[in-house]
Amino acid sequence: MSGGVPPSSRAGKRAVFTGARHSAAYQTAASMYERFTGHDVEELGVLEIPGIPSVVAVIGPCDGLMYSTVRDGKHESYIHEFAADDRPLLCIAPNGRRIILAGGAFKFTDRGIVDDSDLKNQPRKRR
């Protein structure tokens, strides 16, 4: 997928947040969102995410992901097929209500999901 995704209008730029209100993790996540979508971050609320279960069922390698978002004001749909050696494992919580991707060799960048083996589309500092 990454090879055909053009950068957003904010790709390569780092968001600047003022004040000590936001943690470093928040600022990093917000910057990633802005660089990928081309939009300002909007706080919509708090999302409660329970911890990772201590036991999961490993279903098998995840071959790919499909997702939709709005980038630079335009609705986009993406399909990312992982390279065979970069695939994460698809795991399911014991109650069957949570999907967890474990492991894998990829990074989410301003171009979306980029496999570690995709040297052409790696961020400059990873090439």
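The values are calculated or read from the model by the stated rules, or taken from the named source; none is laboratory data. Quantities reported herein were computed from a predicted structural model and do not represent experimental measurements. Neighbour counts are summed over all protein chains in view; Cβ atoms, including those assigned to glycine, are modelled from backbone coordinates with ideal geometry.
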Filter region 78-103 for residues that are surrounded by fewer than 12 Cβ atoms within 10 Å (Cβ to Cβ) and within 21 Å of Ile52 (Cβ to Cβ); the one that is nearest to the chain's Cα centre (by Cα) is Arg97
Quick count over region 104-120, residues being within 8 Å of the chain's Cα centre (by Cα) and polar (S, T, N, Q), is 1
Looking across region 62-77 at residues that are surrounded by 13 or more Cβ atoms within 10 Å (Cβ to Cβ) and at pLDDT below 95, the single one that is farthest from Ser117 (Cα to Cα) is Asp72
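Condition first: surrounded by 10 or more Cβ atoms within 10 Å (Cβ to Cβ) and either in contact with a strand residue (DSSP E or B) (Cβ under 7 Å, 6 or more places away or on another chain) or not in a loop (DSSP other than H, G, I, E, B) (or both). Can you find one or more residues in region 41-50 that meet it?
No - not one qualifying residue is present in region 41-50.
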Cβ pairs under 9 Å, 6+ apart or interchain, first in region 50-73 and in contact (Cβ under 8 Å) with a residue 24 or more places away in the chain, second in a loop (DSSP other than H, G, I, E, B) and hydroxyl-bearing (Ser, Thr, Tyr), ordered by first then second residue, are Arg71/Ser8; Arg71/Ser9; Asp72/Ser8; Asp72/Ser9
